Structures are given as structure tokens and as C-alpha cells.
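Asker: Sending over a structure as C-alpha cells; questions will come in a sec.
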């Protein structure tokens, strides 16, 4: 047992931290301004592509990618602390081509894609030329229970015909978003976890219509955005299927492990940044005759935040370690645990920071409110807390 | 002791409830659409004036107003349950000319305004012809400690010269907003609570500049809005002072009592509506083989929400009763308590409802996310929770 | 709506408070010493009978008793604030002949007892000559679901033959305890809520054996105590049945309403006393250069305690008001709510007080630890929190 | 970074686990019975010495001891998981000669004792022949601020004269307890952290009087016990001083690090056992038609318990790792964090388990209530949570 990062990781942490300080943080306001001033909100701010080019040339690119034909990647344990640092800024992960949902989608293509699929979609994704979305959740059913999903994928000759209404296809607002990994039922009569398949649907296929972009607590998250998309008699070649029919759940299982751990590490970065901002603020604001930093309640908040962050980080790192050593399947209890812990810790730390900032905290002068809204969605995305807790309990009950 | 509403109140509750059902709720989406489609977001949607006209002709107008020359009003205890019902919709209070910050401002004018001030500003406010804002908080200091406020009001002959930067002047975005009640220091050398004064500043006075509208978690709250306003050598006649120099704190004390209780009752209305929406939703969504309504955790949430709402309502009503019978000053501990309780209860109920709704809960398909963001500001507005708790404790320590 | 106690109630509150101050509080340590020094712990301390005589002659006796042939009593709303005051001391309620489980048992006898049963058991209970216990819970089943109960009551001629193992028959340790109200199944084949009956079982009947007294967090609660009792072929005359066969649930329903509200009011008295002790302590202890009372965290605790107590008291009083005006059945949601709220509030206030007292708080130098242990049982007694919350939710779901 | 225990540790974990299962758990009830049936409660149950002999001959003895002249010990990181397993039973640690306060005291003697002091006191402690107590806390002052301590140690020739009233000298009830490490002021005029000294006071010295044994939530913890001790003109030779005059704080610093981590690991063992008991119970109890294990709320409790335990354990292990690698001083923030976390996690898990057990949970049929009472003291012992949180915050504020 050893709680120190390896030299390799520490070197990367240093590089990513310096890049954040030199390139990313200073451009947060620039990015927001470019979005605000663009003719359409669904335009990519120029500064993003500039930052991406710098990251690429610095070799800080696709670090999330596990070892594969596409490069010798990092382990989850090695990548996790880097994802944390990137996650400290809402524009950070994309700069390094490490942002959701692309990372998860790229992993699916690496693991389950055919050579042809990889050339067509994976390569441009890895190059940061296009982006992607993931279409699973549906407005009409409680999608926390994935067996509820109603999307239909019917084979007709050499094509699949797709009909569905999906929402929360995050990233669909981005003009660079070209492809969706779509989940739906190919065989409603198969065994419960073999009814679903995943299939590649290019967004320019006839019948695909982005109905609207969904707001999150008033934020539209432009140009990324969360799309509600209808698929009406959409036809794609059978070669677009991922792995094979009926493997939707199996792929989801594989996809969600790393995806979740990335989200968790980013959440810890968010919490860490919120704590840092709070500490800075309370040193400089005076009320009732002394700095906020000298007031007992504020100190308890700082301590509780530090305690919660440290614990969440350790558990996430342990989950990453287990994914690397015993596999995602054996690590599923640990993955479920961090999926619950990390967003909740971030939300609590953010809420304390907002309270310490006063009204400034709910505005956009500081990133706290926006980070809060985003973290709040993570208690729902990939399944609500309660579903994961139920899964943890089932395993505990089975283990003893 | 008696826990039943009087017949008079029950009749009014019925009337307001029916008006909400017939006029207000069905127009929520209309209102939002008109805001969205207006050329400028800072335009009053036509539907609002239509609804106001209906409320006025139904006699459901200015119900907040206590007994005065301007009409025999309701007691706080009588008005509280009506504010709750109005507060169930974010567009409700304005329809009845009972929305913040106008109600607090009108009360100030009723109590402390000269005849001339009342004719010029109070009458059009009572008629719903103009709106107002309240300029107290400043970006540069921790305004939770009101003695920190730095705005300067200097007498020069028959005028006061005003210089300040204020923010969170809510309502300043509305084109009908004509007047600000402004708080600043007339005498920085006076005793600590006699340095401040309140003064009327028409928003069209030269030197008044709305610098920007502040967002709240991504919402701009248009057309109401929260203004950051600079006052540069703004000159108003000495007759604009309220009461007299040095009475700023005394007026604030009087103003904030009713203002707070109104906010609290509205928050309870919000919580009540969130619970209602949650109950409706969980009956109709099925996951893992049974309706959400039959799942143990959801039931605990419903019960906890009901328990918290009932308690918050009773405490708020008791505070209202005390304000009516022993006065705002004696009731200050109770007012402080509900100021802490009501927004927190609303936030907890809303958070549970959002979680039960899944991703729909964070969007604008339902009013939950918007209500949450609004309720979150109430833990800061008129002083953060911690300041009120400190005041409660001080009194407890003194009482024993 | 009116939040003031009536003059009648205020007069009684004053009397009970003075009696507590003059007679009860000063004798708490005397009582404990007499228990400690008695040859057997299951002996009634002499000071208790002395205090009872004083309360009786002061007319502060059986105040819990509703209007009946046995005296014109108080309403629940009138009695509630008196129960609160008595409940501030663990020896208080008995002094006024208002302690559990006797009050609930006396109410059962008033409502459902035959003339003969009343003369034999109710009169001496009302006189404070004997005490009683209630035998419902069983060690072998989850008694939170009362249909699980397995005790058998079989009619044989003019007798019922009783067999069961019961525990948590509180009060069974007291040498004055002569009678148990016993619940068991007379007809396992009847409809689910008509299988059970209640019957009077004198504790000196052959076959009744107190197996042991159960501790509560290390306290034996002597001489009251919590008995585990076996009933082996115990024979009682058929005239001992209460009301009639199959009415066990119906009686329990009637019994538990007032019983619960009494417990709740006492819990609020406990919380109030804990807060009082905490406030006193923190004024007088200095750490890190200032009194604990001047430290921010302590102040938050005081404020939160005051807020929680006020709300719990109001809800309990409202439940009492509803029991008086619309009946226990209609008030059942409110009764369930306070059953959850009051013990939890007491526990939180006590926990804060213990923390503020430091190590002294967990000892018996102050009543905090003992009050905590007792309050903790109330989250389980008469059904755990979760069962009551489930019932509240069911009603909410049905109401909308 | 690596989250697996070393082979050495895993072997020891297996040995200790097996010993617990074969020797310790089966004797818990025997131990309690021997205490209950002894003439005096302050008698050592025979079974304890039998178990100690077995542990000693199995080589599972003094495992806490770091490398020193007295044996090549384990690192904190190696010992921590063993302390966890021992801590699962309240009689466990003593069996392995690893119980508080002896372990902390032995460490002080190893580090700061003279050869003579070690021969006289350390050797018999290491042999398990005698026991010891630690006399620091005083009833008359808030001892959470150690500078408040008033005990006086005055040099007169070759002796120190000691006067003080101490309490919570844990272990003083044990007839084998022969020696106290006593903290008091040798120089009230020295710099704030150099006024205090530690000195060895044999309990049979004239003037030492155990006034009483303090209960903890009704438990007397016999025969260990918590003593209130007066020291009246107690004279000990100057050679009894530890290290030298004025080093009290420095020794405390060194003593408390390992002592705290041991307490924390034991607390995690307690939480782990509580969870295990809860899981077992809910599988076997049926209410409302299904096992408790199938009810949503119970599952949330199990999951939350598992999540909290895992995080607390990881943070504690990390603190241990830091103590081993960078020293107690640098690790002080981590030590403070686990001091707050571990007892609170244990309390929450225990409280859930008690609630799941129903009334059985508050009795002594299961170890839950006793473990709860003990864990509750750990939020106060060695400084209350709030003091540690304050220290953590101070460091955060300084670090940024």
C-alpha cells in the first residue's frame, strides 16, 4: 500500500497544472465572452481551437486513452489525477480532448468498433476534428431503469430503421458534433438484458432532428448543449451496429466504468477549486469586525470541505486502481460508490463556497453557480444516486 | 390557541386559489414564451398586464397592505396564507400587486413617506403603474454586515449628492421601474446605527447608470432582473430623504419584518407546489417494476417534505401573529427563525423533487429548477442564514 | 388562528412550573441516590411518594385525563404544554400521576373498560396506588408490523389461556406494577386487523414470569424498568377482555394517539431543558481565550436548537388541537408527523448539548446522557420513524 | 500508488481474524458474565488473562509497538488494519496487549523514558502484567484547550509535589492499573506551550485518591472504568519526570498521533461490525410482507454505511502512511481529519444498525448500544471535533 503518485504521474500533473495556469484559466472569461458575442450561441469559440492546438503540441492530448492500437495510454489510476486537474475548469477537459461524452464514446469505438468504424469516427474524434453525443435517455420513461427504454431499431435488409425520441444527448449543440452512439431495442422479446443494442447514427442522416436544446438551471451550456432529438424512420447501414445485436447493456457496462470515474475525478477538481476560491475570498472579506476567515462557522466549512474532498479522492483513486488491477466488473461496487460520493461532495463544497461568497456566489462573476448546476446533473446522469445505492446494498447483502 | 384560519381568511384563500387556477397557472408558459420571443428580454409581457387587470377587478389587489390611509388592509396573519398561495407561481405575486421589492417599498412609503412622496411614488405603485427597486447591497464589501456599506450621501444646499456602486437591485431591469429606495451614509461619524439614511432616487436622474443585469444560476429573471447600478454625483432634492437623516437602520428594521415574512410564505408556497408536483410525478413513473410512489426512499422524501413544510408554515404564521400582536421588534427572534427556515425547507423539498423527476427536474419543462435557483438566493438576501442564526443565539443567551 | 395559550392554561403552566422548581428538580439527585442506595434497585424511592402526595394535594394530579366520569379533564391542547413542563425531568411525569405507560392504560380503561374493570384497576391507578405495563412487542418478530405478533389468547370455557414471550413491557420492574394490558391473537384466521385482542393480565397470575429487565444504553431505568416477560398457560377470566375479541387494533389506534402526543410534548420539554443547560454552560466555560458562548459554532447550535424546538412544539400543539376538534382518526397524519419529529429534535439538541459540555456531557453529572438514551428509544417505541413516514407518504399520495 | 495490503500485512490480518473468531468473539458474553457475577465490578475477569496468554503464545502481542529496543515493530500502516480487526470487539484490543491508554503510554515510555523508568514501568506493561492510565483532563476547566489545565507540579528538593483534580483517567478502575502519566504545570510563567510537564505517578503514592468512577451513558465500563482522581500533596522523586520539565506539550503531540490513529482504526472496526450485524439482521426479519433487506430505506442505509466506512478507512490508512513516511508533524492535518471522521462514521453506522434492529438495538443483547456509547466519547476525547476542524481550517488558510 502506497499513497504517493508515481514520478510519471507527478510529472504529468505538473505539466497539466502549468498548462491550466498558463493557458486555460486565463481564457475562461475569453471563452465565455466569445460564446456571448457570437451570432449564434451554437458556435465554437475560436479560443477553444487555439487552446487545443497548444495542448496537442505539448503532448497533453488524449491522455484518457487506455493502451490500444491507437497509442500506449495511461492506466485509470494514472489518468485520474490528471482528469481532476482538467476538471477544475469547465473548459478544461475539451482543451485536452478529454471531455465527455467523447471520451466514453472513443473508448467504445476502441473496444467494440470495427476497423471501418474506427477509421471513420474514432480517428477524427481522436484528432479533435469532430465531436459526438450519446443518445440513451428518453423523456417518456424513467430511464434510470434502462430496461424501460423504448427506442426501436428494426432491421430491414441491409439497414436498420430507427425510431425514437431521446433527450439529454449532451454535446449535440456543437456544430462539430457529427455522430451519435444510439441505444435502443433490436429485440423486445429477448432476455431482459439482451434486448438493447448500440448503433452509430450520423447526425446528418435524414430523419434525425434536434428538436430543442435543454437548459440546466437556466444555463444552455452553449455551444455544447443538451439535445432533445427525434429519430423518425432513420436508416443506417447494418454495418453501423456496435459489436453485435443485443450487446447494448454489455457495452454500456464497459463504457460507463471509465466514464464515471472521469466524471468523479473532474467533480473532485471542481470541489478543490471551489474550496480554493472560498479560502481566498474569506481571507479578504471583513464582516462584524473580523475577516470571514476568523469566524468559527466558516472554519468548520473549510475543514468539512477538506475532509470530504480527501476522502472522495481516495475512494476514486482506489476504484481506478481496482479497475486497472481486477477489472471493471469486480470494481463495480467501488465505481457505484464514487458515482454517488463525488458529485455530492462537490455540491456540498460548492454550496458552502456560494454561501461564503454571498450574492456574488450565485452570479457568474465566479464559476461557483455554474459548477453547482453542472454537478447537480451528475446526481442524475448515468443513473440517480438511489439506483447506485441500491446496487451497492444488493452486493453487500450478497457478500455476507 | 387555535390553528384554524378565520372564515374571512378561508374565503380569501378560496378566491386567490381559484384565481391562480383559472388565470395564473395557465399563463405561466404564455408569460415565459412572451419573454422569450420579445425583441428585448427587458420588456413586460402583455399577459402580465392582462392578468393584473383581472386581479384588480376581482378585488384581489394590494392585499399585503396593512391598515393605513390607503385602505383597510389585512393583518400579517391574514395575509400570510394568501402570500403562500400567490408564491406557488413565480409570476403569481406580481399579478396581485404583491411582489417584492415593491411591497416592502410601499410599506416604507406608507409608514415614513411624506404626503408629497406618497402622491408621487406610492400611488402609482399601489396602482401597479410603476415598479421600484431597493439599492442597499454593494459589491465591494460584505454587505451581510450593513455597517460596511460605503455609499455616500452628502448634503449640498437643497440637494443630496449621491455616489455609490450598488448591486442586486432587484427589479431594476423592468422598464416600468422608476424609483429606487437607496441606502447610504449621510454621516460616517455618527453612532454606528445612525450613519445611514434612506433616500428616494428616481432612476432617470442623471448619473444613475445600470451597468449590467446579474444572472442567478443562469437565469436572468427578465424582465425583472437584478441590476448592478452606479450612482455618480447623482443629485436629488433634500425632500427625497425618507423620515430623516440617520434613520436608515430604523427604516430597514421596519421594512424587513414584513418583507421577510412575505418571502417566507412564498417559499412555503413554492415548497408546497414542489411536493405536489413530486407526488403527481411519482404516481405515474415506473422503474424496476413498480411506480416510484411505491419505493421506500421516495416515500421517505414525501413524508419528510410534508413534515418540514407543516412546521415551517406554523412557525411563519406564529411570527406573523406576533408581529400583529406584540410588534415587529418583539417578534424579531421569530422573524429571524423563519428567515432561516423557510428558504431551506423549500430548497430541500425542491431538491428531492428534482431528484424524483430525474433529468427533467433540472430543465425548464417543470418549474423546479427555476424555483430552486430563486430559493437559493433567499439564503443570502436580507442577510445570510449564519447572521440570522447568530442573532437568534445572542437573544437566547441574553434571555436566560 | 391564535398562538397564545389560554388564561386557564397559562395559570396551570405557572403552577406546574413552580411545582417543578420547588419540588421536582431539587429532588432529582435525591431520587437517584435513593435508587442507588436501596438494597434492591427495584424499590420505589420514598421521595417519589412524598412528591406525589404534594402534587395531589396541590390539585396537580391526573391532568392528562380527558373529560369522563372520572373527572372533567383537560383537552389535549390544554394538557400538552403541561406535559412538556413535566417532561423536563425524568421523574416529573410520575409525580403528577401522568407518566407512561399508565396514562395510556388509564385512557384505555376509561374508554373501553367495564365498570368492574374500572373499579378494580382504573381507580387505584388514578389514585397512584398501583402502576401498570403494556405488553405488546415481542422479541421473536419485527413488531413494527403489529400483524407479526404471535402471542396466543385461546378461550377455554370461562377463561382465556395466554401464551407468549413479550419484551419492553416498560414499568414492569416497579414493585407497584400490578396489571398488564396484554395484546395477542384470539383469532389467527380473522381479517388482518381483527385477529388481535387486548386483555387484562394481573402480574401475579400463575404463569407470568419476568425473565429479566432490559437495559437501555447501559441504564436499567430502575425501578421502572423494561421487562421481558413470559406468559405460560396463563389463565384469566373472560371478563378480563377489553371491549371485545378482535378489537386489539381498534383500541391500539385509540390508545396510541394521546400516548404519542404526551411522549412528544415530554420530548420537547427534554429538548428545552437541554438547550437551557447548554446556554448556561457555554456562558461559563472559557476556551481559547473566550467563553464558548462567543464562539460561532456554538451559536449556530443554539440557534438551530431553538428553531427546531419551536417548530416541533407548534406541530405538536396543532396535532393536539386537531385531536380535540376533528378526532384522532382525522388527525392521524399529524400524530404520525410529531411522532417522527419530536424525538429526533430532542436527540439533536441533546447531542449538541453533550458536545458543548465535553466529557461531562456523557456522564451522569448532568441529565443529558440519560435523556439522550431515553429519547433514542422513542424513535423505535410505538413504531420506528420509517413506518410512520411511510404512513404519512401513503396519505399524501392518496390525498392528491 | 497502490491500494493493496502487503503480503506481510495480509498474513497478519488473517491470523488476527482467526484469533478473533476462535478466541475473542466466543468469549464476549463470558467476559460480560464474569464481570456481572464478580463480587466487585472492579475485578479482572479470569477469561481475559486466559485469552491474553493465548495471544502471547501465538505471537500476536504488542503489535502496536514501533521499531525500538523493545522489538522490531510494525509501521503505522501495517498496524492499522490489525487495530481495525481487534477493535471489532470491545474486549479485543486488550487481548493482544494493544489497548488504550496503555499503547499510548508505552510509546511515551519507549520514546522519552529513562532506562530506569522503562525497566520499572515499560517492561511490565509490555508483558501485560500491569496497566496504566493517563491523567490530563480536569473537571474544572474546558480541557479542550489544554492551556487551561491547572494541575500544579512544584519542585521541592528531590521531589515534585503534585496537586490536582483530574477526571476521565480511563483504566483507573482496573486493579492492575499501577501507574499514571500525569500532566500538569511546572512553570505557569513559561511560554504558553512550555508550562506543562508530564510525570510518572504510581497510583499507590500517598495523596492519590480515586474519588469515583464516571459512567458513560449508563455504562461503567468495569473493570476498566473512568476515574475521577484527586492528587493532594502527592510527592514523587524528580527522576519521575518524563523527558524534562516543560515538555508536556511536546510529548502530548508525539503521543497523540499514534493514539488517535489506533482509536480511528478501532472505530472503523466497530463500524464494520455494526454493518455486518445489520446486514445479517435485515435478511432475517420480515415486516409488511417482505424482509427488511428488500426495503428501500434499509438498502440506502447499507449503501451509505459502506460508502462512509470505505472512505474513512482509506483516509486513516493514508494518515498512517504519512506518519510513517513524512512524520507525525507533517501528517497532523491528516491525523486531525481522521480524528473527526472515524468516530462520526462509526456513530452513523451504529445508529442505522440500531434503528434496523428495533428495540433490540438499544439493549445489551447486541453490542450496538454499548459500541455507540463508546464511540460517542471519541468525539470528545483528545479534543472535540470542533477543535480539530478549527485546526484543519487554520492549516488550509495558511497553505493557500
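Asker: With B:48, B:106 as the choices, which residue is in the same structural domain as residue B:21 (by TED's automatic domain parsing) and within 19 Å of residue B:27 (Cβ to Cβ)?
Answerer: Selected residue: B:48, the only one of B:48, B:106 that is in the same structural domain as residue B:21 (by TED's automatic domain parsing) and within 19 Å of residue B:27 (Cβ to Cβ).
Asker: A further question on this structure: If you take the residues in the stretch C:2-20 that are within 14 Å of chain B (Cβ to nearest Cβ), assigned to a helix (DSSP H, G or I) and free of Cβ contacts under 8 Å to residues at least 12 places away in the same chain, which one is surrounded by the fewest Cβ atoms within 10 Å (Cβ to Cβ)?
Answerer: Here the residue is C:7.
Asker: Could I ask something else about it? Search the stretch C:245-287 for residues being modelled with pLDDT of 95 or more and outside any helix (DSSP H, G or I), and hand back the single one that is surrounded by the fewest Cβ atoms within 10 Å (Cβ to Cβ).
Answerer: It comes out as C:246.
Asker: Moving on. Which of the residues that make up the stretch C:385-395 are surrounded by fewer than 23 Cβ atoms within 10 Å (Cβ to Cβ) and over 17 Å from residue C:329 (Cβ atoms)?
Answerer: Hits for the stretch C:385-395 are C:385, C:387, C:390.
Asker: Would you check which residues across the stretch B:151-209 are in contact with a helix residue (DSSP H, G or I) (Cβ under 8 Å, 6 or more places away or on another chain) and within 14 Å of another protein chain (Cβ to nearest Cβ) and list them?
Answerer: Within the stretch B:151-209, B:167, B:168, B:192, B:193 meet the criteria.
Asker: With D:174, D:233, D:204, D:187 as the choices, which residue is in contact (Cβ under 8 Å) with a residue 12 or more places away in the chain, surrounded by fewer than 15 Cβ atoms within 10 Å (Cβ to Cβ) and outside any strand (DSSP E or B)?
Answerer: Sole residue among the options that is in contact (Cβ under 8 Å) with a residue 12 or more places away in the chain, surrounded by fewer than 15 Cβ atoms within 10 Å (Cβ to Cβ) and outside any strand (DSSP E or B): D:204.
Asker: Kindly establish whether residue D:144 is at pLDDT below 95, touching a strand residue (DSSP E or B) at 6+ places or on another chain (Cβ under 7 Å) and outside any helix (DSSP H, G or I).
Answerer: yes
Asker: Do we find that residue B:23 is in contact (Cβ under 8 Å) with a residue 40 or more places away in the chain, assigned to a helix (DSSP H, G or I), within 13 Å of another protein chain (Cβ to nearest Cβ) and over 28 Å from residue B:318 (Cβ atoms) in this structure?
Answerer: no
Asker: Got at least one residue in the stretch C:216-228 being more than 24 Å from the chain's Cα centre (by Cα) and either within 22 Å of residue C:140 (Cα to Cα) or surrounded by fewer than 23 Cβ atoms within 10 Å (Cβ to Cβ) (or both)?
Answerer: Taking every residue of the stretch C:216-228 in turn, none turns out to be more than 24 Å from the chain's Cα centre (by Cα) and either within 22 Å of residue C:140 (Cα to Cα) or surrounded by fewer than 23 Cβ atoms within 10 Å (Cβ to Cβ) (or both).
Asker: Being in contact with a helix residue (DSSP H, G or I) (Cβ under 9 Å, 6 or more places away or on another chain) and more than 21 Å from residue D:352 (Cβ to Cβ) is true for just one of C:389, C:339, C:394. Which residue is that?
Answerer: C:394
Asker: Please work out if residue C:359 is in contact with a strand residue (DSSP E or B) (Cβ under 9 Å, 6 or more places away or on another chain), under 23 Å from residue C:297 (Cα atoms), surrounded by fewer than 24 Cβ atoms within 10 Å (Cβ to Cβ) and at the interface with chain D (Cβ under 8 Å from one of its Cβ atoms).
Answerer: Judged against the criteria, residue C:359 is a match.
Yes/no per residue for (1) within 14 Å of chain B (Cβ to nearest Cβ); (2) in a loop (DSSP other than H, G, I, E, B):
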site	(1), (2)
C:333	yes, no
C:344	yes, no
C:349	yes, no
C:354	no, no
C:366	no, yes
C:371	no, no
C:381	no, yes
C:387	yes, no
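Asker: Of (1) touching a helix residue (DSSP H, G or I) at 6+ places or on another chain (Cβ under 8 Å); (2) modelled with pLDDT of 95 or more; (3) buried (at least 17 other Cβ atoms within 10 Å of the Cβ); (4) at negative phi, residue A:128 satisfies all except one. Which?
Answerer: All conditions pass for residue A:128, except number (4).
Asker: Test of understanding: among C:335, C:302, C:298, C:307, which residue is in the same structural domain as residue C:283 (by TED's automatic domain parsing), under 19 Å from the mean Cα position of the chain (by Cα) and either touching a residue at least 60 places away in the same chain (Cβ under 8 Å) or under 18 Å from residue B:390 (Cβ atoms) (or both)?
Answerer: C:335
Asker: Follow-up question, since we're still on this one. For the stretch D:281-320, enumerate the residues that are more than 15 Å from residue D:356 (Cα to Cα) and within 14 Å of chain B (Cβ to nearest Cβ).
Answerer: D:289
Asker: Could you grab me the full set of residues in the stretch C:33-45 that are under 13 Å from residue C:174 (Cα atoms) and not in a loop (DSSP other than H, G, I, E, B)?
Answerer: C:35
Asker: Go through the stretch C:53-81 and count every residue that is surrounded by fewer than 17 Cβ atoms within 10 Å (Cβ to Cβ), part of a helix (DSSP H, G or I) and in contact (Cβ under 8 Å) with a residue 24 or more places away in the chain.
Answerer: 2
Asker: Still on this structure, please answer the following. Is there a residue in the stretch D:210-222 that is in a strand (DSSP E or B), closer than 24 Å to residue D:117 by Cα, in the same structural domain as residue D:166 (by TED's automatic domain parsing) and touching a strand residue (DSSP E or B) at 6+ places or on another chain (Cβ under 9 Å)?
Answerer: Within the stretch D:210-222, one or more residues are in a strand (DSSP E or B), closer than 24 Å to residue D:117 by Cα, in the same structural domain as residue D:166 (by TED's automatic domain parsing) and touching a strand residue (DSSP E or B) at 6+ places or on another chain (Cβ under 9 Å).
Asker: Could I ask something else about it? Is it the case that the stretch D:150-166 has a residue that's surrounded by fewer than 23 Cβ atoms within 10 Å (Cβ to Cβ) and at pLDDT below 95?
Answerer: yes
Asker: Can we say residue C:153 is closer than 20 Å to residue C:109 by Cα, under 18 Å from the mean Cα position of the chain (by Cα) and part of a strand (DSSP E or B)?
Answerer: Here the answer is no, as residue C:153 does not meet what is asked.
The values are calculated or read from the model by the stated rules, or taken from the named source; none is laboratory data. These figures come from a predicted structure and were not determined experimentally. Note that we place each Cβ from the backbone using ideal geometry, even for glycine, and neighbour counts take in every protein chain shown.
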